[in-house]
1. Evaluate the distance, in nm, between pseudo-label points positioned 7 Å from the Cα of ALA145 and of VAL83 along their respective Cα→Cβ axes.
2. Arrange ARG150, ARG105 by Cβ neighbour counts within 10 Å, fewest through most, would you?
3. For the residue pair VAL135 and GLU16, what label-to-label distance in nm results when each label sits 7 Å from Cα along the Cα-to-beta-carbon direction?
4. How far is it, in nm, from the label point at GLU74 to the one at LYS123 when both lie 7 Å from their Cα along the line to the Cβ?
Amino acid sequence: MARWDPWSDLFNLQNEMSRWVNEAFGNGQLMGPVGVGSRSLTTTAPTAYLPLDIRQKDNEFVIEASVPGFKPEEVEITADQGVLTIRGERKLEHSEQADGTYLRRERSNYSVIRQLTLPGDVKEDEIRASFLNGVLTVTIPRVAAPAPRRIPVSSGDAAPQPDVIEAGATQG
């Protein structure tokens, strides 16, 4: 006999509702069952959520995202009005192969997207990106914080006296 876990039911409900919303509105596709003889009626490539790692350093932010199977030219990064957008779309070639017939084909066209609001202390025009072994690294330089300024404190005896301007009485 298994012990009832109310959290498990809650998470299952959340996953099911997310799946229903994605099927209805999320990626605009109709998919049949996958397997031998199945046919997909895909109108657009499914879009996946792109997980990120974000590190903060003294002078920059570093964002790393795993995008296996993508080529650098399939990834687009834009920064516009304080929003960083990372978008990738992978398209598989659908060539006929003379050496066999697919029994199962699960890899397909798909895209990934992620948008982040940038903090105000970044240099949008100096953002750099690199791609190595399926890992995209975006480096966002930060504006140097102004150094604290020391304000001299004077004693009460040496405080400067304000200039007093007396208005002369004019006679008319």
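1. Modelled inter-label distance: 2.9 nm.
2. Details: ARG150 6, ARG105 13.
Taking fewest neighbouring Cβ atoms as first place, the list is ARG150, ARG105.
3. 3.9 nm
4. Computed distance between label sites GLU74 and LYS123 equals 3.3 nm.
Every number in this text was worked out from the coordinates using simple rules, so none of it is lab data. Model, not experiment: these values are computed from the prediction. Every residue, glycine among them, receives a Cβ derived from its backbone with ideal geometry; neighbour counts consider all protein chains shown.
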